Each structure stands twice: as structure tokens, then as C-alpha cells.
Amino acid sequence: MTITCDKCNNEFESRISSRKINNEVSVFFIRCPHCKAEYPSYYENDQFRQHTAKIRKLRTDYNKEKNVSKRVKIWEEIEQLTNTNRKISNELKEVFKNVL
């Protein structure tokens, strides 16, 4: 996907990079190759990573499941974990907003 840097107006293909902020938190971001400006995409900690692994497993279970009511329950759990991850990332973004 092509994006435009807010600082130098350079157009470039987005590529996600990551950096550990501390022993528990990582930030994923896009960096302009021209001016090196960094734009955070999301933050993750151990709980976020555990949820992400569980979501992957649940998606596999969802795709294999034939029973509609079981699929609905699996999908609801996926949505709940996804929403929790959004909250975690937003909270971490607020805490570490001055790091990038």
C-alpha cells in the first residue's frame, strides 16, 4: 500500500517495523524511508500476544466447525479478544506516546 509521509510528503510503500520499548512492550510502526519519520501502528505486550495466539487458534477452530451455534460462540470469543487487544494497544499507546 502506498502512503504519503505527513512530514516530507514523500510517497512510499508501507512496511511495518517493530521495536521493543522495554522487556514487556513492543511498538509496530511505519517509517518514512526519506525523512525517517515514524508512525506507530499498534503496541503489544504479553497479554496482547497471548490473545493473538488464541485468536489464531480460534479462527482455525471456526473454519473447521460445522455446527452453526458453535461457530457463533467461537466468533463471539474472537470478537471479544480482538476488542480487548484494541483496548490494550490503545492504553499502551497512551502510556508510550512520547517514545516514537
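What net charge is computed for the residues neighbouring THR82, neighbours being all others with C-beta under 12 Å from the C-beta of THR82, Lys and Arg scored +1, Asp and Glu -1?
With Lys, Arg at +1 and Asp, Glu at -1, the net is +2.
Return the FRET efficiency for the residue pair THR60, ALA37: r is the Cβ-Cβ distance, R0 is 22 Å, and the value is rounded to the nearest 0.05. Could you put the intermediate results ahead of the total?
Numbers: r = 38 Å, r/R0 = 1.72.
Once the sixth-power term is evaluated, E becomes 0.05.
Does anyone have the angle between helix 46-64 and the longest principal axis of the chain? Alpha-carbon axes, 0 to 90°, nearest 10?
50 degrees
Can you give the FRET efficiency for SER17 and THR82, using 1/(1 + (r/R0)^6), R0 = 25 Å, r = Cβ-Cβ distance, to the nearest 0.05?
Efficiency for this residue pair is about 0.65.
Give the peptides 18-24, 28-34 in descending order of average Cβ contacts within 10 Å, highest first.
28-34, 18-24
Give me the one-decimal nm value for the distance between modelled label points at GLN47 and VAL68, 7 Å along each residue's Cα-to-Cβ direction.
3.6 nm
Two decimals is fine: what's Rg over Rh for the range 2-95, C-alpha atoms, Kirkwood radius as Rh? Intermediate values should be presented prior to the final figure.
Working: Rg = 17.1 Å, Rh = 15.3 Å.
For the range 2-95, the value is 1.12.
I'd like the distance separating the alpha-carbon centroids of the range 70-100 and the range 1-26, in whole Å.
20 Å
Just add up the charged neighbours of HIS34: K/R +1, D/E -1, any other residue whose Cβ is under 11 Å from the Cβ of HIS34.
My count for the surroundings of HIS34 gives +2.
Please give the calculated 222 nm ellipticity per residue for the chain, where each DSSP H segment of at least 4 residues contributes -39500 (n - 2.57) and the sum is spread over every residue; nearest 500 deg cm²/dmol?
For the chain, the value works out to -16500 deg cm²/dmol.
Please give every one of the lysines within straight-line cross-link reach of LYS93, meaning a C-alpha to C-alpha distance under 25 Å, and leave out same-chain neighbours fewer than 8 residues apart.
Filter leaves LYS7, LYS20, LYS36, LYS54.
Quick check: the angle from helix 68-95's long axis to the longest principal axis of the chain, C-alpha only, nearest 10 degrees?
30 degrees
Values quoted throughout were computed directly from the atomic coordinates according to the rules given, and no laboratory measurement underlies them. Because the structure is predicted, anything quoted here is derived from the model rather than measured. So basically every Cβ, Gly included, is an ideal-geometry build from the backbone, and we count neighbours across all protein chains shown.
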